[in-house]
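The values are calculated or read from the model by the stated rules, or taken from the named source; none is laboratory data. These numbers were taken from a predicted model, which means no experiment stands behind them. FYI the Cβ positions are ideal-geometry reconstructions off the backbone, even for glycines, and counts take in every protein chain you see. Side chains included, ligands, DNA and RNA excluded: accessible areas come from the protein's heavy atoms. Shrake-Rupley method; radii C 1.70, N 1.55, O 1.52, S 1.80 Å.
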Protein chains: 2
Amino acid sequence: MEFILEDISEAEVARRRGVYTPLTDTVRDLVDAVIRTEVSEDALDDARRRIAEVVADLRSKQMDGPYGVRHTRQNTGMAWGNAVIGVRNALAPPLDVVHVDDGVRSDFTLGAAYEGPPGCVHGGVCAMLLDHLLGNAASTEGPCYTGTITIRYLRPTRLGALSARAWVTERTGRKLYAKGTISDAEGVTCEAEGVFIVPRSAVDTPAVRWSQG
Amino acid sequence: MEFILEDISEAEVARRRGVYTPLTDTVRDLVDAVIRTEVSEDALDDARRRIAEVVADLRSKQMDGPYGVRHTRQNTGMAWGNAVIGVRNALAPPLDVVHVDDGVRSDFTLGAAYEGPPGCVHGGVCAMLLDHLLGNAASTEGPCYTGTITIRYLRPTRLGALSARAWVTERTGRKLYAKGTISDAEGVTCEAEGVFIVPRSAVDTPAVRWSQG
């Protein structure tokens, strides 16, 4: 599991983010449109053909395998392929994670593509986002990986505007304990607690800041 | 939370699935290509413009809000917008869930769009898929919702060909207990256990078969 050094300036990171963000946002829009469209089957087939042409053009030059996880010399994280925060990954909402005094928080909106029960966020999506945020809170002092995580669903989470937060509750040796919640306008809908492990090899390794994929 | 009756035959369900599957697969391909492409910034901008045109065409006629959860009179599930199994949802791998003697199982492949740690499946994605599968196993006798779920990560799950299974271990009143695992060629990478609740209103409600979104 190797991390890749991108030897570029912070300004260049920001510039490239500005190039990829509108493209990925448009693909997110496409994902939503394919779920909700009611156009004719001929129009669907035409859309498929045109998308396939774009795919062929993009694939005319591409990296082997996945994007990987990159960071700059200044320890700015570039997890641009990440399933939760990736700026180049249309599956990611994406979460924009803000570091606050006691941990991390993120405000985000989930639409049709995140549905499970009718009109509600898939419980698995809640689990995915909480896993990420608790891991993010736990890794603000250095790299760690998830040991276990428990999600408790209090009530359905409606699709729409949501917020989530996570914070570390305790540190014992190489174990960190973290908690987190997802909330809508009426309060908490689900909560999580997890145990995170600092690998022996990573003790005293400087933290990378993973605010934005 | 209302389920929608689609009053169509099983043959028509299959025919429509055949229309949407190639379109959604092409969008999945696009999601992957946007993560991995190395074409010029001009080419990226051209791709964005062409995708936006397709989106506008698809949105010329569309349903309000999310897809919802539908089923036929024969209780075949049509969760086509579902984040894990949806045939119209490019975020879904999608899982194709097979009902086996002791529960459910699914074989699937996860590529670049599901990455967390370098070359590995995002732990949150594992949690999402296990949440879905355990819920699916628990709901083979009728509707239920997740109370709590715990994921235990044994080792990293490499991107690639994987399989998962889930089964009910116990039923007490309106509570069902389920377990599940994700495995690669070398064995189990993570395991889950969950508690599922049958809503009072749903006792004795016939089960819908959610094999494919």
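Residues that are open to solvent by 60 Å² or more (accessible area, probe 1.4 Å), closer than 30 Å to B:THR72 by Cα and not charged (D, E, K, R) within the stretch B:15-60 comprise just one, B:SER60. Tell me yes or no: at least one residue of the stretch A:168-176 is in contact with a helix residue (DSSP H, G or I) (Cβ under 9 Å, 6 or more places away or on another chain), open to solvent by 10 Å² or more (accessible area, probe 1.4 Å), farther than 21 Å from B:MET128 by Cα and modelled with pLDDT of 95 or more. Yes - at least one qualifying residue is present in the stretch A:168-176. Every test in (1) touching a helix residue (DSSP H, G or I) at 6+ places or on another chain (Cβ under 6 Å); (2) under 23 Å from B:THR76 (Cα atoms) is passed by B:CYS190 save one, and that test is (2).
Among the residues of the stretch B:71-84, those identified as within 15 Å of the chain's Cα centre (by Cα) and either aromatic (Phe, Trp, Tyr) or surrounded by fewer than 24 Cβ atoms within 10 Å (Cβ to Cβ) (or both) are B:GLY77, B:TRP80. Flag not set for B:VAL168, criterion: over 30 Å from B:VAL13 (Cα atoms), β-branched (Val, Ile, Thr) and over 17 Å from the mean Cα position of the chain (by Cα).
Scanning the stretch B:1-24 for residues that are within 12 Å of chain A (Cβ to nearest Cβ) and basic (Lys, Arg) turns up B:ARG15, B:ARG16.
A:LEU58 meets each of the listed conditions (1) modelled with pLDDT under 95; (2) closer than 19 Å to B:THR26 by Cβ apart from (1).
Out of A:ALA202, A:ALA207, A:ALA127, one residue alone is under 29 Å from A:LEU5 (Cβ atoms) and open to solvent by less than 20 Å² (accessible area, probe 1.4 Å). It is A:ALA202.
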